[in-house]
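What follows is a short report on a single structure.
None of the figures in this text is laboratory data; all of them are computed from the coordinates on show. Source: prediction; values computed, not measured. Ideal geometry is used to build each Cβ from the backbone, glycine not excepted, and the neighbour counts take in all protein chains shown.
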Amino acid sequence: MKIIVVNKNINPNIKKLLISKKNEIFSADEYVNGIVNGNRNMLSKAITLLESNLNDDLKKADQIIKMCLPFSGKSRRIGITGVPGVGKSTFIDYFGLKLIENNHKIAVLAIDPSSSLSGGSILGDKTRMESISGKIEAFVRPSPTSGTLGGVASKTRETIVLCEAAGFDTIIIETVGVGQSEIAVSSMVDLFLMLFVAGTGDELQGIKRGIMEMTDILVFTKNDGANIDRTKVAKIQFETALKFFSTKESNWLPKVCCVSAFEKSGFNELNVIIEQYFNHITKNGFIVQNRKNQSLQWLNDQIIDNLKKDFYQNETIKKSITKITQQIVNQQISPIYAAKELIKKYLQQTRDFNK
């Protein structure tokens, strides 16, 4: 496939051609040409393909990912999490503005929780990030979790690849902050930011050790008004507590800083710490090794996802599962025994198919 790189200042007609077929079906080549030339419409459509459940869409999405991989991998990937009410979207909105001021192009992948009953999601982050949503240097994409374990959209890794191929040098992933989301996001990013707000009680008491250990920078938001004194005290408490944690694999000692999106303060200090962090992990080689480990984790997750999908689409399983689940409900068999029986049927059917 030949990639046509468009000089937007000289030949805008090619760019127009790439978005003229709004109601037509695009080939994988057309998607990739659009993406690498910064066509947001094509990028959005490609991400929609990733999130589709249709086999034809997923096959084309796989082609697109494969062709975009050579153009990816050059961004800084930043994960941001925090409990509801900490002000994640407000923080990202102003943090994004500061990055744009420093000549960065940012893509924000805002993960919205899906209802376990209806499957619907709010997808309201574009309205909460008003400042960057209208910027040409920013791309905000809300994506539903669709019940994915860990509170992260199932195609987040693939979406990162597409955004990097589109020329965004900073990828921000906002999680729903459901506990397991931190673990999932940490396997996708280079830098992990945990947001806190002081004055809500004993902050240290409610923080899980595992989450603290994967955090690179702790940020206290809403450092303004009557909350300034509480934030100062909490910052000292966290800095003291961090001394008792084991050394991170990156050999980076987590930092604590305080910001206020309302007063637009603290973000210069935060950016200095971020630069220090990336200089540190680049110099000691951690960023390269971490990316390799993340690729292997991606492989493992894909194997599990594909096996699970194939298992539940298997005709033998479909025929057996209704009867077996009813036996579980009636307490005739245990879930452990039922799972083993279903897996035996699946493996036997697979062996017979391959004979």
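Data overview
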{"item": "FRET E, pair Gln348, Val288, Förster distance 45 Å, beta-carbon r, rounded to 0.05", "result": "0.55"}
{"item": "Greater than 25 Å apart at Cα, pairs in Lys88/Lys308; Lys59/Lys319; Lys59/Lys345; Lys105/Lys243; Lys222/Lys255", "result": "Lys88/Lys308; Lys59/Lys319; Lys59/Lys345; Lys105/Lys243"}
{"item": "Linear extension gain, Glu101 paired with Ile25, 0.36 nm per residue minus alpha-carbon span", "result": "23.6 nm"}
{"item": "Computed lengthening from Leu58 to Asp305, 0.36 nm per intervening residue step minus Cα-Cα distance", "result": "87.6 nm"}
{"item": "Per-residue Cβ neighbour rank within 10 angstrom, fewest leading, Leu50, Leu347, Leu58", "result": "Leu347, Leu58, Leu50"}
{"item": "Computed FRET value (nearest 0.05) for Asn279 with Val233, which takes r as the C-beta separation and R₀ as 25 Å", "result": "0.25"}
{"item": "Which of Asp93, Asp216 has the fewest Cβ neighbours within 10 Å, and the rest in rising order", "result": "Asp93, Asp216"}
{"item": "Net lengthening on full extension, Leu69/Glu341 (0.36 nm per residue, minus Cα-Cα)", "result": "93.9 nm"}
{"item": "Charge sum, other residues only, whose C-beta stays under 10 Å from Val185's C-beta, Lys/Arg counted +1 and Asp/Glu -1", "result": "-1"}
{"item": "Debye-sum result for region 271-355 in log10 I(q)/I(0), which assumes one identical scatterer on each alpha carbon, at q = 0.20, 0.23 Å⁻¹", "result": "-0.97, -1.10"}
{"item": "Cβ-based exposure ranking for Arg141, Arg351, Arg40, in which fewest neighbours within 10 Å come first", "result": "Arg351, Arg40, Arg141"}
{"item": "Inter-centroid distance (Cα atoms) of region 32-96 relative to region 305-329, Å", "result": "32"}
